[in-house]
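Below is one structure; the comments refer to it alone.
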Amino acid sequence: MSHNLTLAQNYAVDLARTLMVPVILFQAESEFGVMVSSEYDGDQDAIVHEYDPWSPAH
């Protein structure tokens, strides 16, 4: 978990590219976390962004 959104975003992109699976960046209270999308069972409103290594960059 991180209090810094930019750090969490960078970690999420790196994790998605390393594992080659979609990952979720979510917010829990004042912290941000990253985990594999298929394992996330939390509140859908807490999701900040999903990073998919297979989708083209915008």
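The values are calculated or read from the model by the stated rules, or taken from the named source; none is laboratory data. If you're wondering where the values come from, they're calculated on a predicted model, not measured in any experiment. A quick note on method: Cβ atoms are made from the backbone with ideal geometry, for glycine too, and the neighbour counts reach across all protein chains shown. Please note that ligands, DNA and RNA were not included when accessible areas were found on the heavy atoms of the full protein model with its side chains. Shrake-Rupley method; radii C 1.70, N 1.55, O 1.52, S 1.80 Å.
Give me the percent of the accessible area of the chain that comes from carbon and sulfur atoms, probe 1.4 Å, all protein chains in place. The value for the chain is 52 percent carbon and sulfur by accessible area.
Solvent-accessible surface of the chain, taken per residue with a 1.4 Å probe and all protein chains present: 72 Å². Hey, what D do you get for the chain in µm²/s if you plug the Kirkwood alpha-carbon radius into Stokes-Einstein at 25 °C and 0.890 mPa s? Answer from the Stokes-Einstein relation: 217 µm²/s. Amide H to amide H, with H built 1.01 Å from N, His49 comes under 5 Å of Leu25, counting only residues 5 or more places away or on other chains.
In this simple spin-label model, placing a label point 7 Å from the Cα along the Cα-to-Cβ direction at both Thr18 and His3 gives a separation of 2.4 nm.
For the chain, the longest principal axis of the alpha carbon atoms and the long axis of helix 5-19 meet at an angle near 40°.
Can you give me the relative contact order of the chain as a percent, contacts being Cα pairs under 8 Å and 6 or more apart? Spell out each step's value before the answer.
On the way: 90 pairs, mean separation 21.7, N = 58.
Across the chain, relative contact order equals 37 percent.
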